[in-house]
Amino acid sequence: MAVREILIAPDPRLKLNARRVDKVDATVRQLMDDMLETMRQARGIGLAAVQVGVSERVVIAELPKPEEGQEPHPGAGKLFVVVNPELVRRSAELEEGLEGCLSVPGLVGQVERHRSVVVKGLDVSGRRIRVRADGLLARVLQHEIDHCDGILFIDRIDDPEKLWPVEEERNRSIGAE
């Protein structure tokens, strides 16, 4: 495994539509391993191959395990790897939530997403899978699939009041102004 460089906006490669993976082979599995190491080293919870300069439809997500006394997110502590991810079902219920991105460092914002989704694709062995996701996992999968389509979370924010620097978010969370 190797840590790869994460592309930073406005790198034009982040705006391209990624191509489908024809076959999950050793090269794709190596990419997955590298993505996982890169994401963990960067302290992220999701990553798309396009973010490391590979224009292929591969996404990973790994929600953190809850700290003691916290309610766990569904899917927390489990690694999700999806090749050729496709949203096949979306809840009618939408919710706004805080997002950041390893390719857009220093900014966070409120983004509206579907509360739950079903994603189909291939697993690390090339077998067909379906992932049913709610809450944070659903948000992360939608965010990463957006990367495959050349969409950044900041592209989904139409109100500048819903985007702010990370330091400001830290202050908001502790009640400072």
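The values are calculated or read from the model by the stated rules, or taken from the named source; none is laboratory data. Everything numeric in this text was worked out from a predicted model, so none of it was measured. Neighbour counts run over all protein chains shown; Cβ positions are idealised from the backbone, glycine included. Protein only, heavy atoms only, side chains kept; ligands, DNA and RNA dropped before computing areas. Shrake-Rupley method; radii C 1.70, N 1.55, O 1.52, S 1.80 Å.
Confirm whether Val81 is modelled with pLDDT of 95 or more and open to solvent by less than 10 Å² (accessible area, probe 1.4 Å). It is false that Val81 is modelled with pLDDT of 95 or more and open to solvent by less than 10 Å² (accessible area, probe 1.4 Å). For the range 60-74, filtered to residues that are within 14 Å of the chain's Cα centre (by Cα) and part of a loop (DSSP other than H, G, I, E, B), the residue that is nearest to Arg20 (Cα to Cα) is Leu63. Residues that are touching a Ser or Thr at 6+ places or on another chain (Cβ under 7 Å) and surrounded by fewer than 24 Cβ atoms within 10 Å (Cβ to Cβ) within the range 34-63 comprise just one, Val52.
None of Arg57, Arg19, Arg90, Arg115 is within 14 Å of the chain's Cα centre (by Cα), of a type in the set (Lys, Arg) and within 19 Å of Leu141 (Cα to Cα) except Arg57. Of the numbered criteria (1) over 26 Å from Glu5 (Cβ atoms); (2) open to solvent by less than 80 Å² (accessible area, probe 1.4 Å); (3) in contact with a Lys or Arg (Cβ under 8 Å, 6 or more places away or on another chain); (4) in a strand (DSSP E or B), the one Glu112 fails is (2).
Just one of (1) on the phi > 0 side of the Ramachandran plot; (2) touching a helix residue (DSSP H, G or I) at 6+ places or on another chain (Cβ under 8 Å) fails for Pro85. It is (1). In summary, Glu96 fulfils each of the numbered conditions (1) within 14 Å of the chain's Cα centre (by Cα); (2) at pLDDT 95 or above; (3) farther than 18 Å from Ile145 by Cβ with the single exception of condition (1). Selection over the range 112-159 of residues that are closer than 24 Å to Ser55 by Cα, in contact with a Pro (Cβ under 7 Å, 6 or more places away or on another chain) and of a type in the set (Gly, Ala, Ser) gives a count of 1.
Selection of the range 95-109 for residues being open to solvent by less than 80 Å² (accessible area, probe 1.4 Å) and outside any loop (DSSP other than H, G, I, E, B) yields Glu95, Gly97, Leu98, Glu99, Gly100, Leu107, Val108, Gly109.
Can you tell me which residue within the range 14-33, out of those that are of a type outside the set (S, T, N, Q) and farther than 16 Å from Val59 by Cβ, is least open to solvent (accessible area, probe 1.4 Å)?
Residues of the range 14-33 that are of a type outside the set (S, T, N, Q), as a first pass: 14-16, 18-26, 28-29, 31-33.
Then keep just the ones that are farther than 16 Å from Val59 by Cβ; that gives 15, 22-23, 25-26.
Numbers: Lys15: 99, Asp22: 156, Lys23: 143, Asp25: 56, Ala26: 73 Å².
Across the range 14-33, the extreme among qualifying residues is Asp25.
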